[in-house]
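Below you'll find the structure, written out as structure tokens, and then a few comments.
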Amino acid sequence: MDLAFTAAEEEFRLKVRSWIAEAMPPHIADKARDGRHFGMEEVMEWHRILDGQGWAAPHWPEEHGGPGFTATQRFIFQEETEAAGAPGLSPFGLVMVGPLIQRFGTDAQKARFLPKILAGEEVWCQGYSEPNAGSDLAALRTEAIDAGDHFVVTGQKTWTTYAQYADWIFCLVRTSTEGKKQAGISFLLIDLKTPGVEVKPFQTLGNTPAFCDTYFEGAKVPKENLLGPLNGGWTLAKALLGHERTLVSAVGATARTLATARRIASGQVGDDGRPLLEDAHWEGRIARLEARLQAHRMTVYRALAEQQKGKHPGPESSILKLVGSELVQRADELCMELMGHDALSWHNPEGVVPPYEQNVGPQFAYNRATTIYAGSNEIQKNIIAKLILGMPKA
Amino acid sequence: MDFDRSEDQKLLAKTVADFAKKESTVERFRKLRNADGEGFERSTWKQMAELGWLSVPFAEELGGFGGSSVDVGLVLEELGKSLVPEPYLASVVLAGAAIRLAGSVEQQAELLEPLLEGDQVLALAYAERGARYATSRLSTTAEADGSGWVIRGEKVFVLAGHAAERFVVSAEVAGEPGLFVVDADAAGVERATVGLIDGRRGANLRFDGARARMRLEAAPAAEVLEHVMDLAAAAAVAEGVGVCHAMLQMTVEYLKTREQFGAKIGSFQALQHRAVDMFVEMELLRSIALEAVGRADATGEGKAARQAAISAAKLQLATGGAFIARQAIQLHGGIGVTDEHDVGLYFKRLHALMSLFGDEAFHARRYAQLQRG
């Protein structure tokens, strides 16, 4: 056993850290310092800066323009960018559909889509969930009817995060009603400018417009936009869900929130007139979460070490999603408690609360979604019970 | 022991419940939240006055109903069920109690009349930046000036402060807290409306040599403020009972109707047990809320029991109540994290109530001190 990163890995970490410090423009760095919310323009600006360095897609293989990082380097990179508070890039193209196109796409699809995803020229969103297909995703009903050289798509997708900024959407659609419900699903790439497609943003609990409903009314989608085999979409969907789970371990994000907690605890004064951080109660509350985060971080490292040996992430990735999402929420809850009366503040102009408290409330509210999205935590527990513990069926 | 409500109390609760159901649904709150303006309606405030609800805790000699905190609690529980946005907690409980406990009979008569008529909104400006829940550590000051008093300092997150015609302001005078009444339109009063997590509004206030209309000094202000915070905490728990009740109800209903995997999701044992855990927390909250409002008016020998009950209740709101709120969102799944669904509005109101009048840490500490004797 060796708990240390190799010297080369540590060197890599320092290289990433100093590059970020230099490359991040001041207006982004200001917001990053206080954990403020980034608008889509800032996200895309950061995307292009990373792309200039060849780091926009750290997990892409070199043949498609990736930097050729190892699994550990990828994690270090993610940890450093999250710890720096850098804008999180839109994952739908880079992390989700990009790798699927690399694995299942035709040469023409690869050439058409991948370079524009990498350069941030085309933004993607995800069309999976429907009003009646959430945890039970395979119950989806948006249909794509074969009309010769194209499909005609009709239905509604929901939780299409950031669809209002996107150019393309990847969708699971029903192409057959025969056999098991999973067997009649296909994976379609749809241009959001297609006539008959309409995007309607709605607000989240954080009162920020992050989600959309996306409606399809007889939208014509060319057949060359089918990714993978007809009625083979479920295999692609499963490949993607496993991927999403390692994404949401959120180690860096939680580390940042806990750093914010320390700042709040230094700034807020208790009833005895001393900063909360000097109060054993609050210091202990923060330390407990930091310690749990460390246990979570080491669990992620163990999974990484396995991946480094060439093993694919298995059902164990459900643990990362489960623990990671709950830690995100507990860190947010702690910040809210630390803020006292400031926790009442909601989208106020600057100056009402200190800048590092400004986004805490909306983030706390919005992050209630972390235990729901990417496979709800109840579903993750089902996976662990069934696939790891081997529990009998009811 | 008898936990039953009297006939009068049943009638009061029913009247408020009927009003909330028919005239002030969550939809009404949502519209007012989304619109410019005060976030509530003066006509409804007037209507509440006419129905007698604004008079509940005040003495009959002053035109009040002569009720207790139990009566205030049952009004707020019903208002909480549909998130009625009128500033009952801010005006009747907070500012009202400060006037009631610290004002002379003449002062009470003068200040309460426009409140009881529904012509004014009153607010208590007690919170300061960096003072957390200690109401007696003040940086706002009052200085004697001729026959009157001049106030200097800042107050934050003043509930209903954006709308109030008058403020009751806590300010330090000769090393002790004092309570002063300042008109909102007095020279030297600046107010900035602030948005609150629960979709309501409040204000940050700056007093720059503002003249007070009067000083309330029929009782020591430090003790009054401590009691007012207890009354408000008990009232917040009572409202929290209504808020949590609504969340539990809508969640159980959702589990019974939402279908996934070809079944009602309420048929899954894991979710049944979660709903049961919520129900258990709800019952504990109801029980301790009854003790809290039942002891809230006690002073003298009853003070320690009052404080213990209220701290226990506020703790249950911060633990059990928060559990109900968070699981209500979780069990609604994706729809629960949209602004469109009502469950999130209740979730946020509950979190506002948690941050006010002492949080979990404050009340755990106070409870521990009381146990030490």
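Each reported figure results from applying straightforward, stated rules to the coordinates on display, with no laboratory input. Because the structure is predicted, anything quoted here is derived from the model rather than measured. A quick note on method: Cβ atoms are made from the backbone with ideal geometry, for glycine too, and the neighbour counts reach across all protein chains shown.
Computed as a quarter of the hull surface, the mean projected area of the alpha carbon convex hull for region B:193-270 stands at 9.5 nm².
Helix-only estimate, please: 222 nm mean residue ellipticity of chain A, summing -39500 (n - 2.57) across DSSP H runs of length 4 or more and dividing by its residues, to the nearest 500. If you can, show how the numbers build up before the last one.
Working: 12 runs with 169 residues, N = 394.
Only helices count here, giving -14000 deg cm²/dmol.
When only alpha carbons are used to place a centre, region A:1-78 and region A:310-374 end up 22 Å from one another. Over the C-alpha trace of the protein assembly as shown, radius of gyration and Dmax come out as 28.5, 93 angstrom.
What the phi angles of region A:179-190 give under the Karplus curve with 6.51, -1.76 and 1.60, with θ = phi - 60°, is a coupling list of x, 4, 5, 5, 7, x, 10, 10, 10, 10, 9, 10 Hz, glycine and proline written as x. For the residue pairs B:Lys22/B:Lys256; A:Lys193/A:Lys220; A:Lys193/A:Lys238; B:Lys21/B:Lys46; B:Lys155/B:Lys303, the C-alpha atoms sit more than 20 angstrom apart in B:Lys22/B:Lys256; A:Lys193/A:Lys238; B:Lys155/B:Lys303.
How large is Rg/Rh for region B:125-264, to two decimals, with Cα atoms and a Kirkwood Rh? Display every interim value, and only then the final one.
Values: Rg = 20.4 Å, Rh = 17.2 Å.
That ratio equals 1.19.
A viscosity of 0.692 mPa s and a temperature of 37 °C, combined with the Kirkwood radius over Cα pairs in Stokes-Einstein, give a translational diffusion coefficient for chain B of 156 µm²/s.
Using only the alpha-carbon atoms of region B:120-159 as identical scatterers, what base-10 log of I(q)/I(0) does the Debye formula give at q = 0.15, 0.20, 0.25, 0.34 Å⁻¹? Normalising to I(0) and taking log10 leaves -0.43, -0.69, -0.89, -1.13. Plainly put, chain A has a radius of gyration that is 0.97 times its Kirkwood radius, both from alpha-carbon atoms, as the Rg/Rh ratio. Rounded to the nearest whole Hz, the Karplus-based 3J(HN,Hα) values (6.51 cos²θ - 1.76 cosθ + 1.60, θ = phi - 60°) of region A:322-328 follow the sequence 4, 5, x, 5, 5, 5, 3, with x at glycine and proline. Per-residue ellipticity at 222 nm computed for chain B from its helices equals -16000 deg cm²/dmol, with DSSP H segments shorter than 4 residues left out and the rest contributing -39,500 (n - 2.57).
Counts of other chain beta carbons within 10 angstrom of each beta carbon in peptide B:130-139 average 4. Between the helical axis of B:69-81 and the dominant principal axis of chain B, each derived from Cα atoms, what acute angle in degrees is found, rounded to the nearest 10? Result, in degrees: 50.
With the biggest extent put first, the Cα atoms of region B:241-316 measure 61, 18, 12 Å across the principal axes.
Strictly greater than 15 Å: what percent of every Cα pair in region A:321-394 meets that? Provide the component values of the computation, followed by the final result.
On the way: 1650 of 2701 pairs.
For region A:321-394, the fraction of Cα-Cα distances above 15 Å is 61 percent.
Per residue, the convex hull spanned by the Cα atoms of region B:297-373 amounts to 84 cubic angstrom. As an equivalent ellipsoid, region B:167-231 spans semi-axes of 22, 18, 9 angstrom, where each value is the square root of five times an eigenvalue of the C-alpha gyration tensor, largest first. Per-residue 3J(HN,Hα) values for region A:18-25, derived from phi via the Karplus relation 6.51 cos²θ - 1.76 cosθ + 1.60 with θ = phi - 60°, read 6, 5, 4, 4, 7, 7, 6, x Hz in sequence order (x marks Gly and Pro).
Shown here for region A:284-371: GluC sites (Glu not before Pro) in loop regions (DSSP other than H, G, I, E, B) with at most 12 other Cβ atoms within 10 Å, namely A:Glu350. Here A:Lys321, B:Lys348 are placed in order of increasing Cβ neighbour count within 10 Å, fewest first, which gives B:Lys348, A:Lys321.
One compactness figure for region A:78-123 is 1.32, namely its Cα radius of gyration divided by 2.2 N^0.38 Å. Roughly speaking, what is the centre-to-centre gap between region A:87-111 and region B:200-256 when only Cα atoms are used, to the nearest Å? Cα centres, region A:87-111 to region B:200-256: 52 Å. With neighbours defined as other Cβ atoms within 10 Å of a residue's Cβ, the residues A:Met24, A:Met336 order from fewest to most as A:Met24, A:Met336.
Calculated over region A:218-311, the projected area of the Cα convex hull averaged across directions stands at 11.4 nm². Among beta bridges from DSSP that stay inside chain A, the antiparallel ones total about 85%. Here chain B is treated with +1 on each Lys and Arg Cβ and -1 on each Asp and Glu Cβ, and its dipole about the Cα centre works out to around 1300 debye. In bins 10 Å wide, starting from 0, what share of all Cα pairs of region B:1-159 does each bin hold, as a percent? Spelled out bin by bin, region B:1-159 gives 10, 33, 33, 19, 5, 0 percent.
Grouping the Cα pair distances of region A:92-158 into 10 Å bins from zero gives a pair-distance distribution of 19, 33, 41, 6 percent in increasing distance order.
Distance distribution P(r), region A:1-65, all Cα-Cα pairs, bin width 10 angstrom from 0: 17, 40, 31, 11, 1 percent. Scaling against 2.2 N^0.38 Å puts the C-alpha radius of gyration of region A:256-332 at 1.44. Here region A:1-148 yields Rg over Rh of 1.04, to two decimals, using C-alpha coordinates and the Kirkwood radius.
Peptide B:194-201 has a mean shielding of 5, counted as Cβ atoms of other protein chains within 10 Å of each residue's Cβ.
Neighbouring Cβ atoms within 10 Å as the yardstick, rank A:Tyr366, B:Tyr346 fewest first.
Values: A:Tyr366 19, B:Tyr346 28.
The fewest-first ordering by Cβ neighbours comes to A:Tyr366, B:Tyr346.
Cα centroid separation, region B:298-373 to region B:85-102: 20 Å. Hull volume per residue, based on the alpha-carbon atoms of region A:137-238 and their convex hull, is 95 Å³.
Take the Cα radius of gyration of region B:3-92 and divide it by 2.2 N^0.38 Å, N being the number of residues; the result is 1.09.
Sorted from largest to smallest, which semi-axis lengths in Å does the alpha carbon gyration tensor of region B:200-326 give for its equivalent ellipsoid, taking the root of 5 times each eigenvalue? Walk me through the numbers on the way to the answer.
Details: eigenvalues 328, 77, 16 Å².
Those come to 40, 20, 9 Å.
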